[in-house]
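S.K.: Sending over a structure as structure tokens; questions will come in a sec.
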Amino acid sequence: MAIVLLVTCGGSTEPNIEATGEQVLPASTPTATLTPTPTPTSTPTAILTPTPKPLVKSPPFHGTLFVSSEILVSTDPTAFYELEKIKDSPRTMYDRRKGWITLTPHLFKARFLDGLTIEVQVNPEFKNAVIAEEVALKYLKVIGQLPTLLRKDVETIWIHKGDELFGGGNNNLLIHHDQGLIYETQGLLEEVFLHEAVHTSLDNDHLSTPGWLQAQQDDGQFISDYAKESPSSEDISESFPMYFALRYKASRIETHILKLIENTIPNRIEYFDKSIPDLTQMLDSSETPTSESTNTPTASPQPFISKPGKMTVARTYSGADECLAISSENAFCVEILAFDVDIESLEKVHEGLDWATRLFP
């Protein structure tokens with residue numbers, strides 16, 4: 001028995017969300033006190049206004065990871081579009097269960113529509129390349145939802161089993177798959193990557209700058225207990241996701257939460273306004289391939305017929321390499337040829353199609 005499933009859907013466009021302007025606190029101007037007599041008066045003494053005390057007495061959150069699961073959501077567009085298997089060779093990776101290890105992982109190259117590429121290294125404890133690819137794809141779609149700025153320094157991704165915490169830094173994103181499934185169940189997988197990618201791509205550029213250190217001092221408060229406990233390593237990764245939510249995803253966040261963010265870290269917000277480029281275009285870059293994306297697949301003039309037992313999934317914004325030719329300029333096509341299908345296999349096909357179509361809402 002052969003089943004051919006074909007799904008097509010048009011592309012979507014994420015609305016632009018303009019960043020608001022920076023906060024400026026009005027300064028009071030001392031006025032001269034006039035005397036009732038015409039005799040010359042002494043020069044008035046300026047009244048110095050003390051630095052205002054923080055509006056929030058203590059960090060409003062324990063950790064900003066748990067503030068909202070709506071900052072990024074599964075239906076947001078992704079810049080990830082292709083995963084290529086490359087030749088396996090030895091790599092040194094960090095595994096929270098063992099420390100630094102050297103082994104020969106399953107290797108892939110992930111490509112993104114903004115021109116960035118990442119080498120994905122999957123621990124060989126995942127039995128074969130097919131399983132390793134399936135696991136990698138789960139996370140790459142989410143990583144592609146991050147703005148380019150947060151992926152610019154990510155050169156590698158390490159994926160292991162285990163329920164240890166994720167990590168950032170080292171030009172890398174560290175993933176432990178069992179913990180990833182927990183984050184996914186909690187609806188926080190996107191927010192975890194938002195936090196960890198800040199470590200990888202923003203920490204080195206900002207943590208020690210005079211402007212950031214002055215903003216910390218002027219705020220006199222931290223956005224979370226976690227940031228307060230580790231100000232030299234966690235303050236930016238805790239604060240930036242809240243800034244991102246405030247400036248770009250405010251419609252998804254409760255008003256009182258937005259007010260808490262504004263009142264707790266106004267100087268850090270001002271610092272980000274001045275130091276971080278407008279991310280609107282970076283978020284929109286997941287909609288359309290850029291000229292730097294040289295490996296975007298193009299439509300074949302003829303259908304591609306898979307060998308028996310092989311499943312081919314083609315993801316593209318302009319037809320497909322291994323699918324029926326599609327004339328739509330912005331289309332998504334999945335073709336599956338299956339032989340001797342049982343009920344369990346058919347359910348897996350349906351699950352795969354459901355997952356695939358959610359990549360292109």
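Bear in mind these aren't lab numbers, they're just calculated from the coordinates by the rules spelled out. Worth saying up front: this structure is predicted, and the values here are computed from it rather than measured. Because the Cβ atoms are built from the backbone with ideal geometry, glycine has one as well, and the counts that use them run over all protein chains shown.
S.K.: When ranked by the protection proxy of mean other Cβ atoms within 10 Å per residue, highest first, what sequence do the peptides 227-237, 200-210 form?
M.R.: Values: 227-237: 18.5, 200-210: 16.2.
Most protected by this proxy first, the peptides run 227-237, 200-210.
S.K.: Applying the Karplus parametrisation 6.51 cos²θ - 1.76 cosθ + 1.60 with θ = phi - 60° to the phi angles of region 240-253, what ³J(HN,Hα) value in whole Hz is obtained for each residue in order, glycine and proline being reported as x?
M.R.: So the J values, rounded to whole Hz, are 4, x, 6, 4, 4, 5, 5, 8, 10, 10, 4, 5, 9, 10.
S.K.: For Phe126, Phe66, Phe108, what ranking results if the residue with the fewest other Cβ atoms within 10 Å of its Cβ goes first?
M.R.: Going from least to most buried by this count: Phe66, Phe126, Phe108.
S.K.: Could you pull out every residue, at least 5 positions away or on a different chain, whose amide H is within less than 5 Å of the one on Asp88? Hs are placed 1.01 Å off N in the peptide plane, and Pro or chain starts have none.
M.R.: HN-HN under 5 Å from Asp88: Leu107.
S.K.: Another question about this same structure. Based on the Cβ-Cβ distance from Lys161 to His256, what FRET efficiency comes out when R0 is 45 Å, to the nearest 0.05?
M.R.: On the way: r = 40 Å, r/R0 = 0.88.
Efficiency at R0 = 45 Å is approximately 0.70.
S.K.: Another question, if that's okay. Please find the FRET efficiency linking Ser89 to Lys57, where r is the Cβ-Cβ separation and R0 is fixed at 51 Å, and quote it to the nearest 0.05. Don't skip to the end; give the middle numbers.
M.R.: On the way: r = 55 Å, r/R0 = 1.07.
For Ser89 and Lys57, the calculated efficiency is 0.40.
S.K.: From the phi angles alone, apply the Karplus equation (6.51, -1.76, 1.60; θ = phi - 60°) to region 166-180 and give each ³J(HN,Hα) in whole Hz, x where the residue is Gly or Pro.
M.R.: Computed from phi, the couplings for region 166-180 are 5, x, x, x, 6, 6, 8, 10, 9, 10, 10, 4, 5, 5, x Hz.
S.K.: Once you place label points 7 Å from the Cα toward the Cβ at Arg96 and Gln281, how far apart are they in nm?
M.R.: Placing both labels 7 Å beyond Cα along the Cβ direction yields 3.7 nm.
S.K.: Also, quick follow-up: Could you sort out which of Lys109/Lys249; Lys87/Lys152; Lys228/Lys249; Lys57/Lys274; Lys249/Lys274; Lys152/Lys228 sit more than 22 Å apart by Cα distance in this structure? Write out the running numbers ahead of the final one.
M.R.: Numbers: Lys109/Lys249 30 Å; Lys87/Lys152 24 Å; Lys228/Lys249 25 Å; Lys57/Lys274 26 Å; Lys249/Lys274 19 Å; Lys152/Lys228 27 Å.
Violating the 22 Å limit, Cα to Cα: Lys109/Lys249; Lys87/Lys152; Lys228/Lys249; Lys57/Lys274; Lys152/Lys228.
S.K.: Still on this model: To the nearest 20 debye, what is the magnitude of the charge dipole of region 152-245 about its Cα centre, counting +1 on the Cβ of each Lys and Arg and -1 on the Cβ of each Asp and Glu?
M.R.: About 140 debye.
S.K.: Return the whole-Å distance between the Cα centroid of region 187-202 and the Cα centroid of region 223-260.
M.R.: Cα centres, region 187-202 to region 223-260: 12 Å.
S.K.: Among Glu125, Glu270, Glu238, rank each residue by its count of other Cβ atoms within 10 Å, from fewest to most, as a rough exposure measure. Write down the numbers at each step before the final one.
M.R.: Numbers: Glu125 14, Glu270 19, Glu238 27.
Lowest count first: Glu125, Glu270, Glu238.
S.K.: Taking amide H positions as placed 1.01 Å from N in the peptide plane, with prolines and chain starts having none, which residues 5 or more places from Asp95, or on another chain, fall under 5 Å of its amide H?
M.R.: Trp100, Ile101
S.K.: Arrange Met242, Met93 by Cβ neighbour counts within 10 Å, fewest through most, would you? Could you put the intermediate results ahead of the total?
M.R.: On the way: Met242 29, Met93 20.
Ordered from fewest to most neighbouring Cβ atoms within 10 Å, Met242, Met93 come out as Met93, Met242.
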